[in-house]
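Values in this text are rule-based calculations from the coordinates and carry no lab data. Note that the structure is a prediction, hence the values are computed from the model and not measured. Neighbour counts are summed over all protein chains in view; Cβ atoms, including those assigned to glycine, are modelled from backbone coordinates with ideal geometry.
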């Protein structure tokens, strides 16, 4: 048990605060002899890196990852992999205002309630900066899963503006600063978020993450269900308030025969005629794409003044300066991919434990 | 790590199949000296028990729980509590049809893909019968939480028919077979579900579960967030396809200043002016009510014939006879309460571990 | 985490008190499709069963095990296996004396210190009766390990009387009531223990347990070392006060070149010229027999009166009546085998998780 | 579950290889608001540091620890504490000989059997260098335990030479390079080990570790017994081959009335008239000193040539050069203390979880 570890057999432990000297993680349980260098991890970090457009925080972090252990002559050894990223662009003085006052909608108040002490600089441990290590771990999880599994995510709704799913094109996702799969939505979103940003406000979003090539049988009843583990993993991303699998909340409005994905044999293979299940039945993968969506609330740190209290128990009004994302949903896209990868890699190892056939068995 | 255990310090391990001799659970970590008899558990099981209205399965099970260990002279001893319920109304012959064919939307196919063997009688381990033990464990979790925490759930949507939230009245919930908090919705739902049932179909639903009296500070970053643990716990209930906390998916459409719950001091106490957060910020309780909603898909076992395949790889059409709930969402209400109770009790013990002040400390 | 579960992937959770209605266990993580009936478990329970000679407690328990879940048509399904044994020969009245007084050397005092409540009947949860479920779980662990791994234990010392290792013969172990591998020692031990028993006293013992066929590579650094896990598992058996692997404490007196087991190639295979290591180096199996020894203290419940205190804080003298083993070390023999089997089965699954080659990998 | 983590609630995860850029650990679950700086940790590391006498490896490492997270303004925050020590005196070329040949008695062979890859430089992950992080974690564990608990260890046997227990004096332990509590033994040991060292050989040892002030009630049945957890923790230290608690292996030769520690009331307090139990009954602390002893085998890396094989399957003779401890038992003294501290701190938190009285409870 650990508050700062994720996964059971592919196990990620993260540490570090937004404005400490560094952040890092330790990955335990990774299979040996996988080719691994920093170059396998860095591209995913670059995708999540702040300061890349006007729609993300202006904090400048190179986010250069270093591998400190677990790799020998370019291959994993089966021992723990330690990753470290130095923090270089901390401006702790930006945070004087929130040293005593609690940002509404943020974890400031609850950390104080729990611990009686709080590293307020940049949100300390509660900062989304921690998600950089999730992304790094996710890159290694992809190596564990191998090339037959592909994991992609996209922003499918910005504020109240959803994409037109008829125009969904994965090829568009890396062509715009929103990870938007609908090219026609991009200029509309750009204008909308620019305006919101000028107003000192922020927007929520919906991210969809899809894993293809997940083998049927992955996952496990009853308290290790693939969808339950995904729900926990995705809800645990900063600012997420909802998770759904497949048809999700829309399934509540369906009739049994609409919801149950019919099956046929085609060329000796099982084919499903729809994917309301989002690739999971009884907590176990069907072999169809695993589809999850998450709702992300608007950034709580906004310039617009809001009523709040301070640690001394006074009513105050707070306008959060500093460098913040007008829509944290955007940078949640690579994080959602990473959590999907980590959950699947963990389940791959769990499945092998119970079902695999080691040579000596 | 365990596929069939839930929780870390208040730890529930369940076992048993729908048509085996019995189902049961073991609860480990329960504090000692709590008054506990079967009478503390039975009322919750009775609420979930099948056969109580035409809207739930007609299987007749007394669901009498027996405490086999962990209690001495009416008090818990701190050692594992073993609970057992005998299965009495199995009709395994009902399941001949699904011995070889896979019910679409059900776990039949995925269990075979995973294990290569499957107890097809009544769904075996994948049956919602397992949730009886969650309810039993939840009853004990409530004792751990004490009287200051109250946990209630209600059905807030049946199929596409949502309640009118202006008429939400907890007092109504136990007055109708739907656990519906809106008295005016009951006859409408009754007529609708009766019709669906006659047609041999089924409906989905949405359940809302609310915990009041949760102390601020409960929960923990980063991978033990209260909302993440709730999401995993609730998504793991049979047939659940979506989970949201507080404003949930609606938060995606809000602006920062609409979403952030403002805070004021009133009579020396912190007061929030709204509860978009659903009582959780940064994974830690704020002290407001913890509010979650889950989407439940329509029952997959329906009379309406659906296309599917059998284990031999033939296309077949399957009409599921046997005794099934036309809306599994109804009986999910006490189960959702139980999972909320188990998550909170586990976090209470986790919190005490790190923060509590044992005499010797 | 759990106080009453053992193992990580082959996970055993036990429950039950000496004088409750039953004892039982749940085994999670067992691979599917293994042939399993009660007849695979019962012989091991019979070996541990009380009342078989004058040297063990006279309590009469049939110790008939029932499988309540996890097996379908004679094969494991991969879901949790629930085992139950009814208690039939409880004589709780024997324990009136220890309801308030603490037996020196027993857990009576510490349970009260910890929990403030204690099921004193027969020692409650602290009774060695719990080890019946370890033996049952061990029988299933052997099935997981397969026929290539054999696990045997023997009593190599009774009180101060050690066997002559030159006469060590596994074939003798089941030919006498001591599980003694030295036929010449049996009459000597018989006379000695009979005398001790008449005197109302008890004796300690040393058990040696050996696993052959353990594949090289099983085990794992750094905190999952095979020897560390064995040490924990064996020290956790009731009354055990010491554990050693291979040369054990004698290794402290050796020089480096005496202790390091030399290696040679013979017919293309690695051969070790000695086994001081007891089959484990760096926490990982070498392929040699895994050898452990445990020291068991003499039974604390003796007729000889001993000075002690009662719960009210008075000095008293206590003579423990009831039915007790004059040497608990004897019945520890099948228990030690079982713990060895559980540790190895757990490590087999752990190894497969990280190293195995699942089809999709 | 994790191969490289120790403890459940006070949870230590270590990483790093002997000749990588650094070693480190992450400590999760530490209570907040404890005063903590590097100066609280460094003295314990200095005690374990190599190169301090001719009886330990001549590798020169400053072993300067840095705290990278989890501490704010000199106090723990309740979030993970990351510690890092840079490796500065690696001489990887020393290890060319063992790149292909397996040192008998060392983990070289088993790592290759398990992982198929091995960082042979200085033993890689299997190096005792990893124990530096155990010592660092132990320093923090002591802060969690508070001042009422004291933990000390001493070398009580060097090779075959045991101390005279009548001369046992804790004050002597820090006055000689052996951590020897018997001043008269020091010159004898010095002469003996000097001679062994000159001969290119090595010696084993026995370490005794004692914790005083452990409150009665700490620990837990059945699979979280304090002695079982200690046995696992201590056996997991590099080169340990045996663990005993209290009377240990000598208990096997005792009669019941000799072994059972009698109890009396003195001034309203429970007093034990002996401590054969080593402070633990039924897995739970009695309040007496917790006493454990461990047997450490002689260093496997010796100059004396020994027969072995290489990775290509050839018989070779190997003389291990490089810098090695002629008796690894010496530096195991602070490591044994650290593991005792970690086990007790973990159990303190576990006890609080189940038994403590948090304000809201």
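D by Stokes-Einstein for segment B:28-106, Kirkwood Rh over Cα pairs, 25 °C, 0.890 mPa s: 160 µm²/s. Each listed q (0.09, 0.17, 0.20 Å⁻¹) maps to a log10 I(q)/I(0) for segment C:26-157 from the Debye sum over equal C-alpha point scatterers, namely -0.36, -1.01, -1.16. Rounded to the nearest 10 degrees, the angle from helix A:131-145 to the longest Cα principal axis of chain A is 10 degrees. Translational diffusion of segment C:204-342, estimated by Stokes-Einstein from the Kirkwood radius over alpha carbon pairs at 37 °C in a medium of 0.692 mPa s, is 190 µm² per second. Distances between equivalent label points of residue B:66 across the copies, with each point positioned 7 Å along Cα→Cβ, amount to 0.7, 6.3, 6.3 nm, shortest listed first.
In terms of surrounding Cβ atoms within a 10 Å radius of their Cβ, C:130, A:307 rank from fewest to most as A:307, C:130.
Find the relative contact order for chain D and round it to a whole percent, using C-alpha pairs within less than 8 Å whose residues are 6+ positions apart. With pairs under 8 Å counted, the relative contact order is 22 percent. With Cα atoms defining each centre, segment C:241-281 and segment B:34-79 are spaced 55 Å apart in the structure. In terms of packing, defined here as the mean over residues of other Cβ atoms within 10 angstrom, the peptides C:251-261, C:193-203, A:2-12 line up highest first as A:2-12, C:251-261, C:193-203. Can you tell which of D:103, D:33, D:152 shows the greatest fluctuation in a Gaussian network model of chain D with Cα springs below 10 Å? Evaluated over chain D, the most mobile residue of the options is D:33. Taken residue by residue and averaged, Cβ atoms of other chains lying within 10 Å of the Cβ of A:18-27 number 5.
The mean number of partner chain beta-carbon atoms within 10 angstrom of a residue's beta-carbon across peptide A:133-140 is 0. Multiplying each eigenvalue of the alpha-carbon gyration tensor of segment B:87-184 by 5 and taking the square root yields semi-axes of 35, 20, 13 Å, largest first, rounded to whole angstroms. For residue D:161 paired with residue B:35, estimate the spin-label separation in nm (one decimal), with each label point 7 Å from Cα along the Cα-to-Cβ line. Label at residue D:161, label at residue B:35, 6.8 nm between them. Highest mobility in the GNM of chain D, judged by mean-square fluctuation with C-alpha springs under 10 Å and restricted to D:46, D:190, D:169, is found for D:169.
Using only Cα atoms, what Kirkwood radius does segment C:266-308 have, in angstroms? Value: 14.3 Å, from the Cα pair sum. Which log10 I(q)/I(0) values does the protein assembly as shown give at q = 0.04, 0.05 Å⁻¹ under the Debye formula, counting every alpha carbon as one identical point scatterer? The computed values of log10 I(q)/I(0) come out as -0.23, -0.36. Highest GNM mean-square fluctuation among B:225, B:241, B:269, for chain B modelled with Cα contacts below 10 Å: B:269.
With all pairs of separate Cα atoms included, segment B:218-284 yields a Kirkwood hydrodynamic radius of 13.4 Å.
Working note: Cα gyration tensor of segment B:138-193, eigenvalues times five, square-rooted, sorted largest first, giving semi-axes of 27, 11, 9 Å. Taking the centroid of alpha carbons for each part, segment D:156-231 and segment A:301-327 are 58 Å apart. Helix C:226-235 and the longest principal axis of the C-alpha atoms of chain C enclose an angle of approximately 10°.
When Rg and the Kirkwood Rh are both derived from Cα coordinates, the Rg/Rh ratio for segment D:9-59 amounts to 1.05. Each copy carries a label point for residue A:168 at 7 Å from Cα along the beta-carbon vector; from one copy to the others these points are 3.1, 6.6, 7.1 nm apart, nearest first.
Taking Cα atoms only, the orientation of helix C:185-198 departs from the longest principal axis of chain C by about 30 degrees.
Rounded if a/c is under 1.5, else prolate if a/b is larger than b/c, else oblate: which is chain D, with a ≥ b ≥ c the root eigenvalues of its Cα gyration tensor? It comes out oblate by the Cα gyration axes. Comment: the Cα-to-Cβ extended label point of residue D:35, at 7 Å, lies 4.6, 5.5, 6.9 nm from its counterparts in the other copies, nearest first. Counting, for every residue in A:64-73, the Cβ atoms of other protein chains within 10 Å of its Cβ and taking the mean gives 5.
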